[in-house]
Ligand code: UDX
């Protein structure tokens with residue numbers, strides 16, 4: 001038998017999936033387990049480019065990359081083509097990699113494959129090779145619990161075979177958990193039928209991979225949504241998975257972080273800055289972009305705004321006339337921030353967020369109130385938890401033309417910043433999250449169990 005357990009960690013190749021798995025991989029390695037992190041070549045180049053030069057020498061985990069089979073960069077824009085090519089090419093590459101590791105020395109073997117549930121082909125490879133499996137769930141337990149009810153919902157005529165709701169109103173999966181609005185199911189992707197179908201099929205089939213696995217690692221903590229956790233038999237909530245001293249320098253950003261915003265935050269008054277980030281894929285149209293800019297300007301507060309180069313759909317973002325001059329000194333705009341560090345900064349007052357699951361966990365772990373602006377998939381239900389269950393944020397409403405207006409943004413910022421009960425709730429949730437991660441806490445103990453069991457394979 002190998003001296004040291006050896007785990008392969010395989011993310012789905014996208015920002016919200018690579019980042020939490022890299023942090024988890026580092027945490028596992030801190031417990032004396034050998035970890036090989038398997039990226040696609042495309043993603044690995046981006047991850048490496050975002051690691052500061054001086055941190056490149058020292059690594060707790062080993063990185064390897066495999067080809068995803070996509071030869072023309074143009075093809076990456078074609079969702080179906082990318083998915084089909086990856087499914088065709090990557091299982092074979094992974095199998096070859098595992099064989100190569102086995103042959104590298106007499107006692108070497110892979111103890112466990114931890115793969116994003118969205119990269120289920122990797123779990124299949126592990127199964128056929130007789131290796132233990134742990135799917136990683138990068139979204140909240142509520143979505144996983146919903147997946148377990150898809151078959152029944154179809155049978156009862158509540159969903160059709162493509163995941164479309166056949167009823168108006170709320171869809172409930174258990175007495176205790178938050179019901180789903182029929183147009184906010186976690187595969188909802190308005191106007192993008194192919195992607196919606198893919199997410200629905202992935203969620204539907206995830207059940208079989210969860211059932212056939214040894215552990216199901218959830219990036220959440222039990223107390224955050226115990227009702228949903230109780231609906232998934234073998235779920236092991238081990239989150240929130242945050243960066244540790246060993247993983248700050250490789251937080252898994254696929255874009256270079258602009259660290260100048262941290263110095264800028266140092267100069268702002270305590271609890272004053274509105275942090276605005278709509279995640280890695282959200283796009284706005286030019287009109288919506290301008291409304292957001294003006295809403296931030298009119299709020300009168302300092303703000304830090306992540307404006308990705310691809311934030312405005314199909315064109316380059318154009319700021320309103322004179323905007324940059326008017327907000328100089330009060331507004332900081334960056335292409336990409338070190339988000340966890342930003343949210344932990346004492347100058348931050350609130351987080352205007354698209355409510356991606358990682359952003360949700362990062363914000364609530366730092367006790368930051370939310371202004372919610374969900375876009376697709378699980379983000380609407382995450383927003384519902386934030387506003388209705390945990391009561392740590394407010395929602396930004398669309399007007400009759402589907403726009404979040406500057407007035408709405410300005411009004412809600414003022415309302416949120418003057419709401420003492422939301423801030424109090426946010427601090428309570430922060431405390432619960434922190435408690436789950438210390439000895440005796442639910443996530444700490446679950447993680448310990450996982451490590452002990454893995455070491456005993
Ligand atoms: C997507 C979905 O939106 C999410 O709901 C799903 O659960 C995972 O995949 P994404 O849009 O990337 O994720 O959002 P989110 O899950 O919030 O992840 C974004 C990550 O990028 C966070 O970890 C955040 O810290 C990081 N980030 C964002 C930065 O590091 N810097 C930035 O400037 C913005």
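Taking R0 as 30 Å, what FRET efficiency do you get between residue 168 and residue 403 from their Cβ-Cβ distance, rounded to the nearest 0.05? E between residue 168 and residue 403, to the nearest 0.05, is 0.75.
Across all C-alpha atoms in the stretch 259-315, the radius of gyration and Dmax reach 12.6, 37 Å. Rg of the Cα atoms in the stretch 103-189, relative to 2.2 N^0.38 Å, amounts to 1.50.
Which distance in Å, rounded to a whole number, links the C-alpha centroids of the stretch 170-242 and the stretch 26-53? Here the two parts' Cα centres lie 26 Å apart.
Its Cα gyration tensor gives the chain an equivalent ellipsoid, and the semi-axes of that ellipsoid, as √(5λ) in whole Å with the largest first, are 35, 26, 23. Compared with the alpha-carbon gap, the fully stretched path from residue 208 to residue 183 is longer by 6.5 nm at 0.36 nm per residue. Counted residue by residue at 0.36 nm each, then reduced by the alpha carbon distance between them, the extension gain from residue 457 to residue 438 reaches 4.3 nm. Scaled against 2.2 N^0.38 Å for its residue count N, the alpha carbon radius of gyration of the stretch 346-457 is 1.28. Could you tell me what % of all Cα pairs in the stretch 190-342 have separations over 21 Å? Result: 62 percent of Cα pairs exceed 21 Å.
Restricting to the chain, compute how many DSSP beta bridges are antiparallel as a %, nearest 5. The antiparallel proportion sits near 5 percent. Distance between the pseudo-spin-label points of residue 3 and residue 45 (7 Å out from Cα toward the beta carbon): 3.7 nm. Rounded if a/c is under 1.5, else prolate if a/b is larger than b/c, else oblate: which is the stretch 260-418, with a ≥ b ≥ c the root eigenvalues of its Cα gyration tensor? Rounded is the answer for the stretch 260-418, as its axis ratio a/c remains below 1.5. The modelled label-to-label distance for the pair residue 64/residue 449, using points 7 Å beyond Cα in the direction of Cβ, is 3.1 nm. Between residue 428 and residue 160, the simple spin-label model (points 7 angstrom out along Cα→Cβ) gives 4.3 nm.
Extension gain, residue 313-residue 414: 0.36 nm per intervening residue step, less the Cα-Cα distance, totals 33.5 nm. Relative to the longest principal axis of the Cα atoms of the chain, the long axis of helix 286-299 lies at roughly 60 degrees.
The angle separating the long axis of helix 420-437 from the principal Cα axis of greatest extent in the chain is about 10 degrees.
Just so you know, all these numbers are worked out from the coordinates, no wet-lab data involved. These numbers were taken from a predicted model, which means no experiment stands behind them. Please note: Cβ atoms are built from the backbone with ideal geometry, for glycine as well, and neighbour counts cover all protein chains shown.
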